[in-house]
Each structure stands twice: as structure tokens, then as C-alpha cells.
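Shown next, in C-alpha cells, is the structure this report addresses.
The values are calculated or read from the model by the stated rules, or taken from the named source; none is laboratory data. Remember, it's a predicted structure, so these values are computed and weren't measured experimentally. Using ideal geometry, Cβ is built from the backbone for each residue, glycine included, and neighbour counts are taken over all protein chains shown. Side chains included, ligands, DNA and RNA excluded: accessible areas come from the protein's heavy atoms. Shrake-Rupley method; radii C 1.70, N 1.55, O 1.52, S 1.80 Å.
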Amino acid sequence: MTQTVPARILYVQHTADLYGSSRALLHLLGALDRTRYTPLVALAEPGPLAEHLRKLAIEPLIAPFMQTLWGQLVRSWRVLPFGLRLLPAALAMRGLIRAQQASLVHSNVWTILSGALGARLAGVPHVWHVREVLPAMGGLKRGLARLSALSSRRIICISQATAAQFAGYAAAPQLRVVYDGLPLDTALIKPVARPGAAAELLIGVVGRLHPQKGHADLLRAYALLAPQLRATSRVVFVGGEALGYAGYAGELAGLARALGVAERVMFSGFVEDVPPLLATFDMLVLPAARAEGLGGVLLEAMAAQLPVIATRAGGPAEVIDDGLSGLLVPPQQPGALVAALASLLSDPQLRERMGLAGRRAVEQRFSAARAAAQIEQIYQEIL
């Protein structure tokens, strides 16, 4: 009997951090059927993600020539040299694809162009994994949507909200919605024992410090809480400053002082191992100012049986069953957010019910095994 050689899949990742897209990639690779597929990962730079890949027996390929459309870049003169570097980057990626004998290229975020262009030059099929809901970017978004449709055999979207961006650009069979998933054998986190009734309740916010993440809106809402609720709670911001936003942590700290809540707000900076940290929180808030692709941290919090609050913008509305597994509020409306915070802070039974419902939702809809099986089916269709 002839043994089938596993297909070599080259995953292209624009950063080596451990935020949303990187964590989602690790979950996918951990669930991938290695008897059918051999994963290769190209990173634009060394970083924490590389060590986690090695734990999965994947030696990362450092490819500093990659070209990524950062938000700050497209709003400045730097977009011109960026355009001039695209062809050399695509040629270098073609060389990497051929050297690694990749059967398929899988770009893990929408804004990295090197994978798609290099695959096209190498004559290898390409899959684009779209995790973002992008602003117009001066018309560049329309061009990116067209490029995606022309250069990809399939476009995998992590939510209906991300898929909606391709209306008029990609045919329905080309688009697939595959929700990210968690490895449920390790994602179950039992909340740590907390002190009695006088203990502070911790409101966690996990993610890069970036204006679109809504940290400022949460601070304004927190300042509107009844004094007795503030006196027995604390906000914990977890995450470093986003690229191009150096000093934003200082701005948020200044806003907290101006609102009179600075003593109730903590900035922990970047934390690599998030699950144990989630176990110390009493709730998690994702107060995004504009649409999120999905909200992977919501899934991690729900798996940890934490009640969650998120803005009704993009993917989070597809994750949370409002009033059952969490609470949804309009974006950029601190008044609505303060009501949601007050309801959870003042009702321990509600926190427990929502935490249990969230865990059930992750088990039923958002497992890594389920996501990997759907993506493997896409690979099978193409190869």
C-alpha cells in the first residue's frame, strides 16, 4: 500500500508576537492533522511566537522581506516606498516557496501581501485568512479585496462581519466562514479561589493599547459607576502599545487621572501567558470602538467561564448571545457600557450564569478541532 506524503503548507505570519492572529495560528497548527499536512511557518521577524512554534515541532522560517499594510503606513508618504518594495518581496517569497516545496500558501492575516504575490509567481495555490474588518484606507481596501479575490483559491473569514467586506468582489463559493477555535483540552481554566465579599472585583481588558480598542471609552464608563461599585472593583489593562502608538499608555493613564479613577486602574503591560491571568479576573470587557473581526480574547475568557461584555460591532455579536453568554453594548457609548458593568459587578449569580453559558458556547461552536477540520476540508478541495 502506497503511503501518501503529507502536503507542505506554508503559513505566512506578519508578526512574531502573541496577540490575536498569532494565538489563532498556534491553535490551528496544534489541531492540524500532521499525517496529511506538514506545516511550515514564515515569520517577518523573530519573537515569542517562534518558541511556541518550536514546541509544536515547527522551526520558523524568518523572512524579513515581507510587506505588510500597517494602518499608519497607508496614511503617510511611506506607502510609496512600500509599493516599490512589493515586487522584490514577492520574488523573495517565490524563492522561499520553491525552496520549501510548498504545496499551498496560507496567509494568516489580510494585510500581509507577500504570501499571495509570491504564491502567484511560484504557481502555487493561495488561501487568504481574513481576520480584520478594515477601514476604507483611502480606497486601498477596495483594491485589497479585488487582489484577494484574484490571487486566492479560497478566502477564509473568521466571521460573517469579515466576509461582508468581499461583497461584489468574490464569488460565494470562494468565501468560507470558519470561526477560530480553542484547544478545549487545555482551555478549561478553573477560576482561582478569591477572598470573601470585601474582595475587589477585577475587570480585565486584554489586547494591544490602540485607540480603536476602546480603552478610553471603558475609562469614561468606569468613572460613571456608582462610587460603591468603584470602591470594590479595579480595571486591569493587559497589553503593550500598538505599533505606531508609543506613549498611548501614558495618555490613558492621564485620562484616568483626569476622570478621578487612576487609583482604581492598573496597566500590566504585555503578558505572554494569558489563561492563568484570566483566572484572576471576574469579568472581561472588549470595548472596541469599531468592528472587530471576531474577538479571540472573548473566546479565551468564555472558555475560562468568565462573563464578558463587548461592543456590538463586527464579530463579537456573532460570538456572544446577548443576555445569555455575555452582554453587548453599542460602540463608543460609555453610558451603555456603564449599565452593563453595573449589572455584572452587582450580581454574582448573573456573573456565574453567564460564565457557564459562555463555556458551553465555546465547547459547542469554537473548538480548535472543529476549525482545523473545516480548514483541512478547504485544503482538500484545492489540492
Cβ pairs under 8 Å, 6+ apart or interchain, first in the stretch 29-45 and closer than 11 Å to E376 by Cβ and touching a residue at least 12 places away in the same chain (Cβ under 8 Å), second open to solvent by 50 Å² or more (accessible area, probe 1.4 Å) and acidic (D, E), ordered by first then second residue, are none
Give me the pairs: first residue in the stretch 232-246 and modelled with pLDDT under 90, second residue among the polar types (S, T, N, Q) and surrounded by fewer than 15 Cβ atoms within 10 Å (Cβ to Cβ), beta-carbon distance under 8 Å, and six or more apart or on different chains, which are they?
-> L243/Q72; G244/Q72
Taking the stretch 337-383 and the residues there that are closer than 26 Å to A199 by Cβ and among the acidic types (D, E), the one that is least open to solvent (accessible area, probe 1.4 Å) would be D347
For the stretch 159-169, state whether one or more residues are under 22 Å from E376 (Cβ atoms), open to solvent by 40 Å² or more (accessible area, probe 1.4 Å), at pLDDT 90 or above and not charged (D, E, K, R).
-> yes
Report yes if G314 is open to solvent by 20 Å² or more (accessible area, probe 1.4 Å), under 27 Å from V178 (Cα atoms) and of a type in the set (G, A, S), otherwise no.
-> yes
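How many residues, within the stretch 213-228, are open to solvent by 30 Å² or more (accessible area, probe 1.4 Å) and either farther than 30 Å from T68 by Cα or free of Cβ contacts under 8 Å to residues at least 40 places away in the same chain (or both)?
So the answer is 5.
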Does R234 fit the bill of being basic (K, R), open to solvent by 60 Å² or more (accessible area, probe 1.4 Å) and over 29 Å from D185 (Cα atoms)?
-> no
List the pairs whose first member sits in the stretch 310-324 and is within 15 Å of G358 (Cα to Cα), whose second member is surrounded by 19 or more Cβ atoms within 10 Å (Cβ to Cβ) and charged (D, E, K, R), and whose Cβ atoms are under 9 Å apart, counting only residues at least 6 apart or on separate chains?
-> A310/E292; P316/E292
Qualifying residue in the stretch 295-303 (condition: farther than 21 Å from Q212 by Cβ and touching a residue at least 60 places away in the same chain (Cβ under 8 Å)) = yes
